[in-house]
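Accompanying notes for the structure given below.
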Amino acid sequence: MRIDVFTQVPHAFAWLTEQRPLAAVLGGELELRLFNYRDSTPLRSGQVDDDPYGGGAGMVLRVDVVAAALEAAYGDSPPARVVALTPQGRQLDQALVEELAREPELALLSSRFEGFDERIVEHLCTDAVSIGPYVLSGGELPAMVLLDAVSRRLPGALAEGSGEHESFSAALDGGLEYPHYTRPAEFRGWAVPDVLLSGNHATIAAWRREQSRARSAR
Ligand code: ADE
């Protein structure tokens, strides 16, 4: 799939692209393009935002700037899903991640500070997504969260099978994952549950299912 991110700070994404899962799928299952609104702005001196009508603090990303950026990237055929990252959007959950991961093309629009001119969300986007009920200083971190969550669903992103039994997966009926332990078997008197040392795979599987169920019910 291809994901295009529109941002004022494309270099912020460098770290993410060097890490798994993104690094594992880049150039293969995932093509990532970063667009800076400044590169296509029709305004002078790279201006992309402006004071809010009606007054108030902060700057608002301009609708003409975003329209120009989308036009420069797509002409008149934008992707089927153009997603604005905004705290007013639909809250991101694993079901929405799976849905977006099935798209051949996605555009993610971020803004800084006070956010988007509402006409961007209304007329230029198909979706508005929030990563949680709190306000961040921009849409870059939310775009990275979405990028990470979507790219780990792509073939080859994870070690074989490791995505199958994680929290919110179908294998766990959308519930939480069971707890994990590794060596040492005892540390400061904190022991690993005996069942995990038993070598009995059926008992271990049953214990894990029960742990998942109990955690998900909390
Ligand atoms: N921009 C600022 N806060 C946000 C949030 N919680 N989710 C998505 N975009 C945002």
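General remarks:
- Neighbourhood charge, 14 Å Cβ-Cβ cut-off, centred on Phe35 and excluding it, Lys, Arg +1 and Asp, Glu -1: -3
- Folded to 0 to 90 degrees: helix 140-151 orientation relative to the chain principal axis, Cα: 50
- Value of [θ]222 nm, deg cm²/dmol, for the chain, DSSP H segments ≥ 4, -39500 (n - 2.57) each, nearest 500: -8000 deg cm²/dmol
- Here the chain exposes an accessible surface that is 51 percent carbon and sulfur, computed with a 1.4 Å probe and the other protein chains kept in place.
- Across the protein chains, with a 1.4 Å probe defining accessible surface, the residues Met1, Met59 rank Met59, Met1 from largest area downward.
- What you get for region 47-139, charging only the Cβ of Lys and Arg (+1) and of Asp and Glu (-1), is a dipole of about 180 debye around the Cα centre.
- Length released on extending from Asp39 to Asn200, taking residue separation times 0.36 nm less the Cα-Cα span: 51.9 nm
- Formal net charge of residues neighbouring Ser45 (Cβ-Cβ distance under 14 Å; K, R +1; D, E -1): 0
- Accessible area, probe 1.4 Å, largest first, for residues Leu32, Leu108: Leu32, Leu108
- Counting Lys and Arg as +1 and Asp and Glu as -1 over every other residue whose Cβ lies under 12 Å from the Cβ of Tyr181, the net charge comes to 0.
- The residues of region 35-115 expose on average 53 square angstrom of accessible surface per residue, using a 1.4 Å probe on protein heavy atoms.
- Simple rule: put +1 on each Lys or Arg Cβ and -1 on each Asp or Glu Cβ in the chain, find the dipole, and look at Leu106, Leu61, Gln19; the Cα lying farthest toward the positive end is Gln19.
- Neighbour cut-off at most 11 other Cβ (10 Å), DSSP loop, chymotrypsin sites (Phe, Trp or Tyr not before Pro), region 3-75: Tyr53
- Around the Cα centre of the chain, unit charges on the Cβ atoms of Lys, Arg, Asp and Glu (plus for the first two, minus for the last two) sum to a dipole of about 720 debye.
The values are calculated or read from the model by the stated rules, or taken from the named source; none is laboratory data. It should be emphasised that the depicted structure is a prediction, and the values quoted were computed from it without experimental measurement. Heads up, the Cβs are rebuilt from the backbone with ideal geometry, glycines too, and the neighbour counts pull from every protein chain shown. What goes into the accessible areas is simple: the full protein's heavy atoms, side chains included, and nothing from ligands, DNA or RNA. Shrake-Rupley method; radii C 1.70, N 1.55, O 1.52, S 1.80 Å.
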